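Chemist: The structure is given below, and queries will be raised subsequently.
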Amino acid sequence: MDIKFNKNEDLNKQLVSELHRRLKKVHFGGGEGKIEKLHQKGKLSARERIELLVDSMDTFLEVGAFTADGMYEEWGGCPSAGVVTGLGVVSGRQCVIVANDATVKAGAWFPMTAKKNLRAQEIAIENRLPIIYLVDSAGVFLPMQDEIFPDKEHFGRQFRNNARMSSEGIIQVAAIMGSCVAGGAYLPIMSDEAMIVDKTGSIFLAGSYLVKAAVGEDVDNETLGGATTHCEISGVTDNKYPGDKECLQAIRNIFDRIGHFEKAGFNRAEPKPPKEDPKEIYGLFPNDRNTPYDMLEIIKRLVDDSEFEQYKELYGKTILCGYGRIDGWSVGIVANQRTVVKTKKGEMQMGGVIYSDSADKAARFIMNCNQRKIPLVFLHDVNGFMVGSRSEHGGIIKDGAKMVNTVSNSVVPKFSIILGSSYGAGNYAMCGKAFDPRLIYAWPNAQIAVMSGKSAAKTLLQIKVSAMKAKGKVISDEDQQTMLDEITDSYEAKLSPYYAASQLWVDGIIDPLETRRVISTGIAAADHAKIEKPMNVGVIQT
């Protein structure tokens, strides 16, 4: 191996090490002290509950671990938005799990908590997966109620989803394992089955203090809405259990009896590991996003047996399209090639840029995968579409629109992995978050933005300097450099994959070696939902 390989390997392993360090911190939620207080009350933490619920933590794919990272600092922060969500296997049945983290502000809902819960429900709905709610929440975080309560994608949307999911036959099981108050009380009771843990679980529309203030009644919370009240008097909950472990086992028993689902029927063969060592990705993938590399070598380390059958290999070479298998699943891969390529006409094309021919090729390939019912995997490292008079005269907008159209109207499940850059309209064409990928994850090197940090900073500086000059101000070269540095620092902070993950623009950040597992888990989930309609691109530019 050469020096460049070793340097890449060292830098990428450092990024992965940093990822694991940050994940470890997030996994403690509100801190070890808060977890110990839960234990003293006879309760388990959200992650301990999930560990007891699933068949194995190896089957659990977390969604949104870094949601709200760095946000709400004035309120002490909100790690993972106070809720743990993901895909797991319970008694052999794949499902979505939502577990409130009572160590974070007593599980109260912040604006990003609502967004994350809705994302979990979205995954359950589009894949027709059963969903389990482990409820332990103090309800809406009142100081921010205006940002979480009234709008379409706020707190109330989850209850609307409860009702719609039920009408569509999507299984919902809820366990009340702590507080469950006010509007939040509807979530478990709108589920198919609602169980409650004795002494620690409680559910009511208003707690004892509010009842006293509103109607003058003196009553304690246990009498008001404890397990005995709701299992023996009101009939609101179905069964009560002496502790968390017994309640979680009851959920496992329910899932052990669920009937088989009608599969979408995506093709799967016997899984095989790649022939080329996946660990070599660390050395092959450059930390510097201006350094060319061969995306084909990355793909060979992601697909079964390292076999990848290219589509139109000699045409539109800045995008690689082709067929392979990932963990046995048949997939169509659309990936940005990062080497400089030469066309048959003698034109040099820059890696990571989408040209008319590559957009045209990708659009046709996406339609073929839809025709054959093959899930699509998009591997992003894209700077955007080619610009300039030559491209404009050649109809780059028309060809780009064709690719965006096919991505938008694709009916097979789509999965996006952001390896490096994902800039501008390139993000859209490669199935960014706005285009409904079933799952979207990023490597630690990822950047998502309208354009790169350098380009954006120079553009923003020009705008700022022009505005100042219009007011008659003179700006020295030294002042301009200081301004450029400040703009660059501010912009680059928002290019970080952790910033994207905090906003839930991606479902998580992963070690590149987890890529195969993420895609396989996603296709297994998608196999629960039959494709109901054929692809129709409508009016398409030709």
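Chemist: Considering only C-alpha atoms, what is the centroid distance from segment 12-49 to segment 133-161, in Å?
Modeler: Between the Cα centres of segment 12-49 and segment 133-161 lies a distance of 24 Å.
Chemist: Please tell me the relative contact order of segment 312-423 in percent, rounded to the nearest whole number, where contacts are Cα pairs under 8 Å and at least six residues apart.
Modeler: Working: 216 pairs, mean separation 31.1, N = 112.
Relative contact order of segment 312-423: 28 percent.
Chemist: Further question: Sequence neighbours fewer than 8 away in the same chain don't count; with that in mind, list the lysines whose C-alpha is under 25 Å from Lys344.
Modeler: Lys312, Lys317, Lys361, Lys398, Lys402
Chemist: Answer with a single label: of (i) 156; (ii) 189; (iii) 137, which was calculated as volume of the Cα convex hull per residue in Å³ from the structure in view?
Modeler: (ii)
Chemist: Would you work out which of Thr542, Tyr491, Val465 lies farthest towards the positive end of the dipole of segment 445-542? Charges go on Cβ: Lys and Arg +1, Asp and Glu -1.
Modeler: Thr542
Chemist: If a paramagnetic tag sat 7 Å from the Cα of Glu262 along the Cα-Cβ line, which residues of segment 143-177 would have the backbone N under 18 Å from that point?
Modeler: Residues passing the 18 Å test: 165-171.
Chemist: Explain nothing, just the number: dipole magnitude of the chain about its Cα centre with +1 on each Lys and Arg Cβ and -1 on each Asp and Glu Cβ, in debye rounded to the nearest 20. Could you put the intermediate results ahead of the total?
Modeler: Values: 65 positive and 68 negative charges, 314 e Å.
Approximately 1500 debye in magnitude.
Chemist: Now for a separate question. What are the trypsin sites (Lys or Arg not before Pro) within segment 466-542 that DSSP puts in a loop, where the Cβ has at most 16 other Cβ atoms within 10 Å?
Modeler: Numbers: sites: Lys469, Lys471, Lys473, Lys494, Arg516, Arg517, Lys530; in loops: Lys471, Lys473, Lys494, Lys530.
Passing sites in segment 466-542 are Lys471, Lys473, Lys494, Lys530.
Chemist: Compute the long axis of helix 244-256 from its Cα atoms, compare it with the longest principal axis of the Cα atoms of the chain, and write down the angle in degrees, 0 to 90, nearest 10.
Modeler: The helix 244-256 is inclined about 60 degrees to the chain.
Chemist: Right, here's the next one. With a probe of 1.4 Å, find how much accessible area segment 62-197 has per residue, and write the answer as a whole number in Å².
Modeler: On the way: 4140 Å² over 136 residues.
Ligands and nucleic acids excluded, the figure is 30 Å² per residue.
Chemist: To continue, here is another question. Heavy atoms only, probe 1.4 angstrom, no DNA, RNA or ligands counted: give me Glu62, Glu514, Glu532, Glu246 ranked by accessible area, highest first. Intermediate results must be reported in sequence, preceding the final value.
Modeler: Numbers: Glu62 35, Glu514 55, Glu532 155, Glu246 90 Å².
Greatest to least solvent exposure: Glu532, Glu246, Glu514, Glu62.
Chemist: Let me ask something additional. With respect to the cross-link table entries Lys105/Lys240; Lys4/Lys279; Lys263/Lys373; Lys37/Lys199, which display a Cα-Cα separation exceeding 23 Å?
Modeler: On the way: Lys105/Lys240 26 Å; Lys4/Lys279 15 Å; Lys263/Lys373 13 Å; Lys37/Lys199 16 Å.
Among Lys105/Lys240; Lys4/Lys279; Lys263/Lys373; Lys37/Lys199, the Cα-Cα distance tops 23 Å for Lys105/Lys240.
Chemist: Find out how many positive minus negative residues lie around Glu62, taking Lys and Arg as positive, Asp and Glu as negative, among other residues whose Cβ is under 15 Å from that of Glu62. Mind showing how you got there, number by number?
Modeler: Numbers: positive: Arg22, Lys24, Lys25, Arg47, Arg49, Lys116, Arg119, Arg517; negative: Glu48, Glu51, Asp58, Asp69, Asp101, Asp507, Asp511, Glu514.
Every neighbour counted, the sum reads 0.
Chemist: Of all the accessible heavy-atom surface of segment 73-162, with the other protein chains kept in place and a 1.4 Å probe, what percent is carbon and sulfur?
Modeler: About 55 percent, which is the carbon plus sulfur part of the accessible surface.
Chemist: Where in segment 144-180 is the amide nitrogen less than 17 Å from a point lying 7 Å along the Cα-to-Cβ axis of Ser234?
Modeler: Counting backbone N atoms under 17 Å from the label point, the list is 174-180.
Chemist: Using only alpha carbon pairs under 8 Å that are at least six residues apart, calculate the relative contact order of segment 288-364 and give it in whole percent. All intermediate terms of the calculation are to be shown ahead of the outcome.
Modeler: Numbers: 136 pairs, mean separation 22.6, N = 77.
Relative contact order here is 29 percent.
Chemist: Right, here's the next one. So what is the calculated 222 nm ellipticity per residue for the chain, using -39500 (n - 2.57) for each DSSP H run with n of 4 or more, over all residues, to the nearest 500 deg cm²/dmol?
Modeler: Numbers: 19 runs with 205 residues, N = 542.
Value at 222 nm, helices only: -11500 deg cm²/dmol.
Chemist: By how many degrees, 0 to 90 and rounded to 10, does the Cα axis of helix 3-27 deviate from the longest principal axis of the chain?
Modeler: 20 degrees
Chemist: Just to confirm my numbers, what's the Cα centroid distance between segment 86-129 and segment 270-289 in Å?
Modeler: Computed from Cα coordinates, the inter-centre distance equals 31 Å.
Chemist: Students often forget the sequence filter, so: which lysines lie under 29 Å Cα-Cα from Lys464 once same-chain residues fewer than 8 apart are removed?
Modeler: Lys454, Lys473, Lys494
Chemist: To continue, here is another question. Placing unit charges on C-beta atoms (Lys and Arg positive, Asp and Glu negative, everything else neutral), compute the dipole magnitude of segment 1-90 about its Cα centre in debye, rounded to 20. Please report the intermediate quantities before stating the final value.
Modeler: Numbers: 13 positive and 14 negative charges, 50 e Å.
With only Lys, Arg, Asp and Glu charged at Cβ, the dipole is about 240 debye.
Chemist: Let me ask something additional. In degrees from 0 to 90, rounded to the nearest 10, what is the angle of the helix 396-409 Cα long axis to the longest principal axis of the chain?
Modeler: Roughly 30 degrees, rounded to the nearest 10.
Chemist: Hey, with R₀ at 35 Å, roughly what FRET efficiency would Asn253 and Asp220 work out to, going by the Cβ-Cβ distance, to 0.05? If you can, show how the numbers build up before the last one.
Modeler: Values: r = 32 Å, r/R0 = 0.91.
Efficiency, rounded to the nearest 0.05: 0.65.
Chemist: Under unit Cβ charges (Lys, Arg +1; Asp, Glu -1), what dipole magnitude, rounded to 20 debye, does segment 382-541 have relative to its Cα centre? Don't skip to the answer; put the middle values down first.
Modeler: Working: 17 positive and 15 negative charges, 112 e Å.
Approximately 540 debye in magnitude.
Chemist: Right, another one. Which sequence of Tyr323, Tyr499, Tyr315 reflects their accessible areas, 1.4 Å probe, from the largest down? Let's see the in-between values first.
Modeler: Values: Tyr323 40, Tyr499 70, Tyr315 95 Å².
Ranked list, largest accessible area first: Tyr315, Tyr499, Tyr323.
Chemist: With a point put 7 Å past each Cα toward its Cβ, work out how far Val537 is from Ser408 in nm, to one decimal.
Modeler: About 1.3 nm separates the two model spin labels.
Chemist: Another one. Normalised by the residues of the chain, what does the relative contact order come to in percent, with Cα pairs under 8 Å and at least six apart? Don't skip to the answer; put the middle values down first.
Modeler: Working: 1107 pairs, mean separation 68.9, N = 542.
RCO, the chain: 13 percent.
The values are calculated or read from the model by the stated rules, or taken from the named source; none is laboratory data. For clarity, every value in this text was computed on a predicted model and none was experimentally measured. Here Cβ is always computed from backbone atoms with ideal geometry, including for glycine, and neighbour counts include all displayed protein chains. Accessible surface is based on the protein model in full, side chains and every heavy atom, while ligands, DNA and RNA are left aside. Shrake-Rupley method; radii C 1.70, N 1.55, O 1.52, S 1.80 Å.
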